[in-house]
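The structure appears below as structure tokens.
The values are calculated or read from the model by the stated rules, or taken from the named source; none is laboratory data. Computed from a predicted structure; not experimentally measured. For neighbour counting, all protein chains shown are included, and Cβ atoms are generated from backbone atoms with ideal geometry for every residue, glycine included. For accessibility, only protein heavy atoms count, side chains too; no ligands or nucleic acids. Shrake-Rupley method; radii C 1.70, N 1.55, O 1.52, S 1.80 Å.
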Amino acid sequence: MEQSPPLVFSGITAEQFSRLSAKARAAGIALKGNIGSASKFGSRFLDYSPAAQQLTLQCLSTPFFVKPAEVNAKIQKLVKESMD
């Protein structure tokens with residue numbers, strides 16, 4: 001199982017992070033708090049700093065049928081949609 005490099009997003013407000021968390025929950029990924037991990041078909045690490053408005057997400061593992069690059073593309077899309 002391949003690990004992807006961390007994705008770092010800057011300028012994420014608390015409101016945007018809240019919207020992103022709601023989208024993740026709707027997709028079956030329970031995010032609890034600003035730091036931790038979540039899992040759906042693999043594990044992901046989350047670190048959000050409200051003070052710095054910075055979000056770091058990293059895919060730590062994926063099932064054999066999903067490539068980390070595919071997961072990163074979906075993460076980037078969800079974050080971008082939450083920033084609008």
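Among residues of segment 1-39 being out of contact with any helix residue (DSSP H, G or I) (no Cβ under 7 Å at 6 or more places or on another chain) and among the hydroxyl-bearing types (S, T, Y), the one that is nearest to E70 (Cα to Cα) is S39. On the stretch given as segment 40-79, residues that are open to solvent by 50 Å² or more (accessible area, probe 1.4 Å) and either modelled with pLDDT of 85 or more or farther than 17 Å from L20 by Cβ (or both) total 16. Could you please let me know if V8 is under 10 Å from the mean Cα position of the chain (by Cα) and open to solvent by 80 Å² or more (accessible area, probe 1.4 Å)? Yes.
One residue alone among S18, S10, S4, S61 is of a type outside the set (D, E, K, R) and without any contact (Cβ under 8 Å) to a residue 24 or more places away in the chain, and that residue is S18. Of the set (1) open to solvent by less than 30 Å² (accessible area, probe 1.4 Å); (2) β-branched (V, I, T); (3) in contact with an Asp or Glu (Cβ under 9 Å, 6 or more places away or on another chain), all apply to I35 but (1).
Selection of strands (runs of 3 or more DSSP E) fully inside the chain by the criterion of at least 2 residues being of a type in the set (S, T, Y) returns 35-39, 43-49.
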